[in-house]
Amino acid sequence: MFATLADFISRHERIFVLAGAGLSTASGIPDYRDRSGDWKHSKPMEYRDFVARHESRQRYWARSCIGWPRFSRALPNLAHRSLARLEGLGRVTATVTQNVDGLERRAGSRRVIELHGNLDSVGCLDCEAALAREIMQRRLLAANPELGCLSADIAPDGDALLAAFDTSDLRVPGCRACGGILKPRVVFFGEAVPAARVAASFDALRRADAVLVLGSSLMVYSGFRFVREAARAGLPIAAVNLGKTRADDLLDLKLEQDCGAALAGAVAAAGLEAVDIA
Ligand SMILES: [Zn+2]
């Protein structure tokens, strides 16, 4: 067992980091789940609904369009910067993130595997065409100018929480190459994580001597499986998460704290280097 997170960090050199929504809450991107691990709001879009139903795509893109400006302006917080510093000190084999905001890389982390993709890109389901989410935003607003006047709170995938809004008239832009359905290049609920990303993540886990979970309840299997495998391999596991996790019984150290404060303090206290708070 470990007395503190600083103790845990200082005793391992090849840490596999698994990051979740709690890493980005201080950047203004709210978490999906409450402290007991239950959904805070309505469940996010399911893959099969998005593909099968035009109405679902209208609803998704209306919400996404309204939430995008705030989502795309989000900046890395203390937790992202502390994690980048830890990697810069050579202590991180990989950061496998469940987040789709790209803030780990923007903070300077390089060994990042975006398990669920990144919301900054949109792809066609019928051909290989892809476009920047920013371009999709312009096309959405050009086709539906009324969306530009609306604003709402956002969920982790940039989906605005817009319960009572009639989206039946929304015009959803299609692929300019083939007319096919455009979808953000993120893994929706009910959709499989690409096999290459899973394999790369397990590769990193095999090189690791410890696992650190940051801001994830691990309720989604795509992340939980790495912790389960780490436990099977006998790796020490620590977690910083506000609330319970699916792996609480597998943890050697659990901190119910804000990720930024916990990680910045631990990196500094581990004697690695003072973390730049500014
Ligand atoms: Zn296409």
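The values are calculated or read from the model by the stated rules, or taken from the named source; none is laboratory data. In this text the structure is predicted, and so the values were computed from the model without any measurement. Don't worry about glycine lacking a Cβ; one is built from the backbone with ideal geometry, like all the others, and counts go over all protein chains shown. Ligands, DNA and RNA are excluded from the accessible area calculation, which covers all protein heavy atoms including side chains. Shrake-Rupley method; radii C 1.70, N 1.55, O 1.52, S 1.80 Å.
Summary table
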| quantity | calculated |
| --- | --- |
| Residue under evaluation Phe202, criteria (1) assigned to a helix (DSSP H, G or I); (2) closer than 18 Å to Glu13 by Cα; (3) modelled with pLDDT under 95, criterion not met | (3) |
| Residue that is nearest to Ser121 (Cα to Cα) [pool: residues in the stretch 202-228 that are among the β-branched types (Val, Ile, Thr) and open to solvent by less than 30 Å² (accessible area, probe 1.4 Å)] | Val213 |
| Selection status of Leu242, of a type outside the set (D, E, K, R), open to solvent by 60 Å² or more (accessible area, probe 1.4 Å) and closer than 23 Å to Pro30 by Cβ | yes |
| Filter result for Phe50 (over 13 Å from the mean Cα position of the chain (by Cα) and at pLDDT 90 or above) | yes |
| Flag for Val17 being under 15 Å from Val211 (Cα atoms), open to solvent by 10 Å² or more (accessible area, probe 1.4 Å), under 17 Å from the mean Cα position of the chain (by Cα) and modelled with pLDDT of 95 or more | no |
| Tally, over the stretch 209-226, of residues that are closer than 13 Å to Asn241 by Cβ and assigned to a loop (DSSP other than H, G, I, E, B) | 5 |
| Residue within the stretch 108-122 that is aliphatic (A, V, I, L, M), within 16 Å of the ligand (Cβ to nearest atom), touching a Cys at 6+ places or on another chain (Cβ under 9 Å) and under 18 Å from Arg176 (Cα atoms) present | no |
| Yes/no for Leu182 being within 16 Å of the ligand (Cβ to nearest atom), more than 18 Å from the chain's Cα centre (by Cα) and at pLDDT 95 or above | yes |
| Top-ranked residue in the stretch 22-47 [being at pLDDT 85 or above and not small (Gly, Ala, Ser); ranked as most open to solvent (accessible area, probe 1.4 Å)] | Tyr47 |
| Criterion violated by Asp126 - all others in (1) of a type outside the set (Ser, Thr, Tyr); (2) modelled with pLDDT of 95 or more; (3) open to solvent by less than 20 Å² (accessible area, probe 1.4 Å); (4) over 30 Å from His12 (Cβ atoms) satisfied | (3) |
| Residue that is surrounded by fewer than 19 Cβ atoms within 10 Å (Cβ to Cβ) and within 16 Å of the ligand (Cβ to nearest atom), where the choices are Ala199, Ala231, Ala177 | Ala177 |
| Filtered residues of the stretch 51-84 (kept if touching a helix residue (DSSP H, G or I) at 6+ places or on another chain (Cβ under 6 Å), under 30 Å from Ala204 (Cα atoms) and in a helix (DSSP H, G or I)) | Leu78, Ala79, His80, Ser82 |
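Results for (1) among the β-branched types (Val, Ile, Thr); (2) modelled with pLDDT under 95, shown as yes or no for each residue.
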residue	(1), (2)
Thr95	yes, no
Glu114	no, no
Arg133	no, no
Met136	no, no
Asp169	no, yes
Val172	yes, no
Phe188	no, yes
